[in-house]
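The values are calculated or read from the model by the stated rules, or taken from the named source; none is laboratory data. Keep in mind it's a predicted model, so treat the numbers as computed, not measured. Here the Cβ positions follow ideal geometry from the backbone for every residue, glycine too, while neighbour counts run over all protein chains shown.
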Amino acid sequence: MKNSLTQKMVPAIADQTIRINRETAAKIRQTLDGLIGNRSFQADACADIMADMGTAALGPFLNRAERQMLEDFGRGIGEHPFVILEGLPQQADLPPTPSMYGDDSAVQFTDSLLLATMRLARLQPVAYSYENDGRLFRNVSPVRQLRANSSWGYRDPLEWHIDNAYAFENAGFMGDTPTEPHESPAPQTLFFAGLRNQDGRGRAVPTEILKASDVVRNASQKLVQILQQPLFSVKPGASNLRPPMNRPMPLLERSSTTGEWLLRFNANPLLTVGFTKRAQLAVAELCRLLDDLEELMIPVMVCPGMIFAIDNYRVLHRRKQFSPGTDWSNARWLRRCFGCSSRGHGQQLDAVNRPFVWK
Ligand SMILES: [Fe+2]
């Protein structure tokens, strides 16, 4: 298949892929179908139960190295800050691709496998009160008449960015009990599950990533140095209702616990601001550098039966424009959920009744 060949050309993808064979997929399906039974689950209310069921079905089939790969990913360590699972059993009776929100219980099988993968990486799902209507799962699918560009867009490319890049704190490295008041941090990881992934001409639409470590390795020492200074702000993207923080912050940090490079950025020139002339020049230089690093870009086709998890601090991601064609019921459709290493890292909206949502 054309898409598989494209993916095989990138060695990092092969290294970071957990492949489920057909026989195993059939067993996973049987177990998970049996556990779900004729019940109906939605992640916003039942994420932990869904993760329990998905883990009971998927977990026994992962070997030690695969579990370790997931755990390293969850800890923010390792050379490649992403993981792919492919060959998973696919969602049966898939409804038409929804516009914005749909009936989440119709895709509970796929959501359970995604939440299980997150659990196996020792991460927990989180949503934000100011994004995606406070819901855990977002339908990444094209929305007609959408003016602003976001994961619901298709007409315009989504430039290199991390999600919710403007937040100052980072979720992975704050410890379980923050000592001072803070806003909820940027999401630590993003998990995508493929339900449909083709454009109007039947071609898969890639999700493209670029590692922060590759950016730093190819940047001048001077650029690396200025990006680490608190001279910048990243404004909220189109899907985000939180006001800008307007607090000067660095775009680049080295994690004090893992030593890995962490990057906050949005290449949309309206969203990343330099507060001084030097900082503005650095943003422009970083954008030029990203253009020059095209050959280090890793394209991943998130096809049905696949889960793609990325470290939101250690990779930038983007999507090119695409045409959904005429049959919108069959348009590209991914499920997306953020994962963090502890729910204690963010400020709870309502820990009792909405345990997954941060302010
Ligand atoms: Fe994004």
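Can you give me the number of residues within segment 114-140 that are of a type outside the set (A, V, I, L, M, F, W, C) and away from the ligand (no atom under 14 Å from the Cβ)? Here the count works out to 10.
Among the residues making up segment 34-65, those that are part of a helix (DSSP H, G or I) and buried (at least 17 other Cβ atoms within 10 Å of the Cβ) are 36, 43, 44, 46, 47, 50, 51, 53, 54, 55, 57, 58.
A count restricted to segment 75-98 and to residues that are part of a loop (DSSP other than H, G, I, E, B) and either touching a Lys or Arg at 6+ places or on another chain (Cβ under 7 Å) or more than 24 Å from residue 135 (Cβ to Cβ) (or both) stands at 9. Annotation note: of 251, 289, 281, the sole residue that is under 20 Å from the mean Cα position of the chain (by Cα), under 16 Å from residue 226 (Cβ atoms) and of a type outside the set (S, T, N, Q) is 251.
Per-residue answers, yes or no, for (1) in contact (Cβ under 8 Å) with a residue 60 or more places away in the chain; (2) away from the ligand (no atom under 16 Å from the Cβ); (3) under 18 Å from residue 312 (Cα atoms); (4) acidic (Asp, Glu):
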position: 187; (1), (2), (3), (4): yes, no, yes, no
position: 207; (1), (2), (3), (4): yes, no, yes, no
position: 231; (1), (2), (3), (4): no, yes, no, no
position: 234; (1), (2), (3), (4): yes, no, yes, no
position: 244; (1), (2), (3), (4): yes, yes, no, no
position: 249; (1), (2), (3), (4): yes, yes, yes, no
position: 259; (1), (2), (3), (4): no, yes, yes, no
position: 263; (1), (2), (3), (4): yes, no, yes, no
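Among the residues in segment 209-221, are any in a loop (DSSP other than H, G, I, E, B), more than 16 Å from the ligand (Cβ to nearest atom), modelled with pLDDT of 95 or more and not polar (S, T, N, Q)? Yes. Has segment 141-158 got at least one residue that is in contact with a strand residue (DSSP E or B) (Cβ under 9 Å, 6 or more places away or on another chain), at pLDDT below 90, surrounded by fewer than 19 Cβ atoms within 10 Å (Cβ to Cβ) and farther than 17 Å from residue 336 by Cβ? Checked segment 141-158: at least one residue is in contact with a strand residue (DSSP E or B) (Cβ under 9 Å, 6 or more places away or on another chain), at pLDDT below 90, surrounded by fewer than 19 Cβ atoms within 10 Å (Cβ to Cβ) and farther than 17 Å from residue 336 by Cβ. Do you know which of the residues in segment 282-326 that are away from the ligand (no atom under 16 Å from the Cβ) and assigned to a strand (DSSP E or B) is nearest to residue 20 (Cα to Cα)? Result: 307.
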